[in-house]
Structures are given as C-alpha cells and as structure tokens.
Amino acid sequence: MTLSHAGIATPSAWVTRWAHLLHPGARVLDLACGSGRHAAWLAARGHQVLALDRDADAIAGLPAGVAGRVADLEQGVWPLAGEAPFDAIVVTNYLHRPLWPHLAAALAPGGCWIYETFAAGNETVGKPSRPDFLLRPGELLDVAREQGLRVVAYEDGLVEVPKTAFVQRLCAVREATAAAGAAAPPRYRLDP
C-alpha cells in the first residue's frame with residue numbers, strides 16, 4: 001500500500017477501476033473501512049460515504065466529508081438495520097461470511113457491490129492464512145448469484161502489488177427493474 005500526497009493510503013486499483021459505475025452523489029457504504037482510504041477517495045469524488053469499522057480511532061481519524069460509525073460487525077445484530085439502501089457497497093481485505101445476506105439486502109436497485117479480499121492460496125505467501133479468512137475458489141461468484149446480483153467482473157488469482165497475495169475480486173450489481181417488473185436492460189459500461 002502506498003501513501004498519497006494527503007497521507008491517506010492509495011485506494012485499491014479494483015475499487016478505482018469500477019467506481020465509474022456509481023452515479024454522481026451516490027450513497028456508499030465502506031464496510032470495515034480501516035484507515036478510510038476508499039471512503040476518503042470516494043468522498044473526494046462527490047459521493048456520500050458512510051464508513052463503518054470497529055476501530056474507534058480509525059473512525060475518529062476519517063477526513064471531513066466522510067460519515068463514520070463505530071460498529072463491531074461480527075458481534076450482535078446488523079448495525080444498519082432500518083437504514084436506506086446504499087447505491088454502492090465497498091469491501092476490501094475483510095471477510096465475515098454471515099454479513100453477505102445483510103450486504104445484499106442493503107444494496108439498492110441499480111447498486112454496485114465492489115468486493116476484494118484474500119483467497120485460498122494466500123496461506124502459502126503470508127497472512128491471513130486461516131481458512132476462515134480466505135475465500136474458497138469461486139466463492140464470491142457463488143455469493144453474487146445466491147444474492148441475485150449480476151456479475152460485471154470477477155478475478156481470482158495471485159497479485160504482486162501492493163504485496164504478494166492470493167485474492168478474489170468481484171464487481172456486481174443489483175439490476176434495476178423496468179416499469180413492467182422485468183429486469184431493465186443492462187447499462188453497465190465496462191470501460192470508464
């Protein structure tokens with residue numbers, strides 16, 4: 001991970017590659033935001049960002065323009081119950097499988113789910129190495145299909161930057177419905 005000129009870590013290339021799918025002023029959830037690198041980058045582009053993490057110090061250090069909320073995502077109830085749906089959900093370097101149905105339900109029609117985390121094989125090159133923290137082959141694809149999302153892009157393999165790691169990456173959308181109730185024709189540009 002490299003630092004930008006403002007001292008915030010550079011966002012993931014996967015997130016920046018697919019962020020063009022977000023409409024101007026989109027309401028975005030940055031789940032398990034850590035230092036807020038994605039939240040800051042998205043807010044700087046005019047999006048309304050809610051950054052969620054269990055680390056109160058990380059939330060306190062978020063830049064102006066990013067709403068932050070402290071929540072332990074692995075204990076208790078889903079902290080966003082009753083919230084309006086999000087136009088986009090970004091998750092990187094975090095895996096807690098019981099959250100997937102909540103995340104899918106929190107995604108608005110036409111919304112975009114950008115997910116990137118460690119995958120099986122990572123135990124051979126570093127941390128995390130526990131199976132609970134590593135995606136099984138094709139697991140993100142299966143989750144997207146189970147949750148009724150349309151897969152726009154998917155990758156599964158070895159990366160060298162910012163460090164050697166096995167990752168899976170997914171960009172999926174919840175298709176909007178046409179007036180008659182059928183799925184609207186796709187309008188997802190694969191190039192920005």
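Where helices (runs of 4 or more DSSP H) sit wholly within the range 12-62, those with at least 1 residues that are modelled with pLDDT of 95 or more and under 16 Å from Leu73 (Cα atoms) occupy 56-60. Does Gln168 satisfy the criteria of being at pLDDT below 95 and of a type in the set (S, T, N, Q)? Answer is no for this residue. Residues in the range 45-68 that are among the β-branched types (Val, Ile, Thr) and farther than 9 Å from Asp30 by Cβ: Ile59 alone.
Please count how many residues of the range 71-107 are out of contact with any Ser or Thr (no Cβ under 8 Å at 6 or more places or on another chain) and more than 13 Å from Leu149 (Cβ to Cβ).
The total comes to 23.
Taken over the range 38-58, the criterion of being surrounded by fewer than 21 Cβ atoms within 10 Å (Cβ to Cβ) and more than 23 Å from Pro101 (Cβ to Cβ) is satisfied by Ala44, Arg45, Gly46, Gln48, Asp55, Ala56, Asp57, Ala58.
Could you identify the single residue in Gly110, Gly68 that is over 29 Å from Arg145 (Cβ atoms) and either assigned to a loop (DSSP other than H, G, I, E, B) or out of contact with any Asp or Glu (no Cβ under 6 Å at 6 or more places or on another chain) (or both)? Unique residue meeting the criteria: Gly68. Determine, yes or no, whether Arg27 is over 29 Å from Thr164 (Cα atoms), touching a strand residue (DSSP E or B) at 6+ places or on another chain (Cβ under 6 Å) and basic (Lys, Arg). Yes: the conditions hold for Arg27. Looking at the range 89-116 only, could you name the residues that are touching a strand residue (DSSP E or B) at 6+ places or on another chain (Cβ under 8 Å) and surrounded by fewer than 17 Cβ atoms within 10 Å (Cβ to Cβ)? Within the range 89-116, Asn93, Ala108, Pro109 qualify. Screening Glu175, Glu123 for residues that are in a helix (DSSP H, G or I), surrounded by 14 or more Cβ atoms within 10 Å (Cβ to Cβ) and out of contact with any Phe, Trp or Tyr (no Cβ under 8 Å at 6 or more places or on another chain) leaves exactly one candidate, Glu123.
The values are calculated or read from the model by the stated rules, or taken from the named source; none is laboratory data. From a predicted model like this one, the values you see are computed outputs, not experimental measurements. Methodologically, a virtual Cβ is constructed for each residue, glycine included, from the backbone with ideal geometry; neighbour enumeration extends over all protein chains shown.
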